[in-house]
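A.B. asks: Structure in structure tokens, see below.
The values are calculated or read from the model by the stated rules, or taken from the named source; none is laboratory data. This one's a predicted model, so the numbers in the text were calculated from it and none came from an experiment. Here the Cβ is made from the backbone with ideal geometry for all residues, glycine too, and neighbour counts use every protein chain on show. In case anyone asks, the SASA skips ligands and DNA or RNA and just uses the protein heavy atoms, side chains included. Shrake-Rupley method; radii C 1.70, N 1.55, O 1.52, S 1.80 Å.
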Amino acid sequence: YVGGGGEITNLGIEEGWVIGRDNTGILVGYNDGGIVRNCYSTGSVLGGRYVGGLVGENDGTVSQSYSTGSVSGSGYSVGGLVGENWGGTVSQSYSTGSVSGSSVVGGLVGWNGGTVSQSYSTGSVSGDDKVGGLVGYNYYGTVSQSYSTGSVSGSDYVGGLVGGNYYGGTVSQSYSTGSVSGSYDVGGLVGRNNGTVSQSYSTGSVLGGRYVGGLVGWNNGTVSQSYSTGSVSGSGY
């Protein structure tokens, strides 16, 4: 637990192996207003909800940090670097390990209600619903100047970059290149969009059932100055 005013900097944990339940991370379980800067982890994490390769839940700042190990969660909010970024900031950071979970699963961040910027993920991501190469569920959050390259697979709300972009969520100046597969609301960049997508693109192939798009699977928001180049295959819409 890192409270407000707390700070962890210039620290790496190598070959770590952490098993927990909720709020589980190799370095920090819960960052409650503190700062994690220039830190990394190379081990694996297994937990329930709010599980991250470096930080389980973040309501503070995570910057210039990375994680390379695999992350697995049996519940929701599972991310390669941060499980849940509720109102915090994740910037200039990355993750490269594979990520798997049930719901709200992202290559970098599972649930984002804050800011993700200048960051990327390269590992494969798998889950059930709200699965994204970078962010699983962007809820009132902002994703900018970021990208993902790993393959993404799931059932509903599956996107190469963001699974679900909801309630004022913003995705801008970002891209994804990995292949995407799912059943419903499947998109090369965003699975389901109720927010704003701008100046972004996707290049990976997309395979799905219904509501399948090279850029966005289902759009009820705004998409501008964006494009996709990958092949798209689906059974309806």
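A.B. asks: Spot the failing condition for residue 66; the list is (1) under 17 Å from residue 148 (Cβ atoms); (2) open to solvent by less than 10 Å² (accessible area, probe 1.4 Å); (3) not charged (D, E, K, R), and only one is missed.
C.D. replies: Only one criterion is unmet by residue 66, namely (2).
Conditions tested, residue by residue: (1) over 20 Å from residue 141 (Cα atoms); (2) in a strand (DSSP E or B); (3) in contact (Cβ under 8 Å) with a residue 40 or more places away in the chain; (4) touching a Phe, Trp or Tyr at 6+ places or on another chain (Cβ under 8 Å).
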| position | (1), (2), (3), (4) |
| --- | --- |
| 171 | no, yes, no, no |
| 211 | yes, yes, no, yes |
| 217 | no, yes, yes, yes |
| 223 | no, yes, no, no |
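A.B. asks: Being among the hydrophobic types (A, V, I, L, M, F, W, C) and farther than 18 Å from residue 123 by Cβ is the filter; apply it to segment 135-188 and report the residue that is surrounded by the fewest Cβ atoms within 10 Å (Cβ to Cβ).
C.D. replies: 171
A.B. asks: Any chance you could count how many residues in segment 115-128 are over 16 Å from residue 97 (Cα atoms) and buried (at least 24 other Cβ atoms within 10 Å of the Cβ)?
C.D. replies: Number satisfying all stated conditions: 1.
A.B. asks: Oh, and also: Within the bounds of segment 17-34, is there any residue that is within 19 Å of residue 135 (Cβ to Cβ), open to solvent by 40 Å² or more (accessible area, probe 1.4 Å) and either without any contact (Cβ under 8 Å) to a residue 12 or more places away in the chain or of a type outside the set (A, V, I, L, M, F, W, C) (or both)?
C.D. replies: The answer is yes; a qualifying residue exists.
A.B. asks: Let me ask another. Conditions: (1) among the hydroxyl-bearing types (Ser, Thr, Tyr); (2) at pLDDT below 95; (3) touching a strand residue (DSSP E or B) at 6+ places or on another chain (Cβ under 6 Å). Residue 94 meets all but one. Number of the miss?
C.D. replies: Failing condition for residue 94: (2).
A.B. asks: Considering every residue within segment 2-10, establish whether at least one is open to solvent by less than 10 Å² (accessible area, probe 1.4 Å) and hydrophobic (A, V, I, L, M, F, W, C).
C.D. replies: No, the conditions are met nowhere in segment 2-10.
A.B. asks: Could I ask something else about it? Determine which member of the set 87, 123 is in contact with a Ser or Thr (Cβ under 6 Å, 6 or more places away or on another chain) and assigned to a loop (DSSP other than H, G, I, E, B).
C.D. replies: 123
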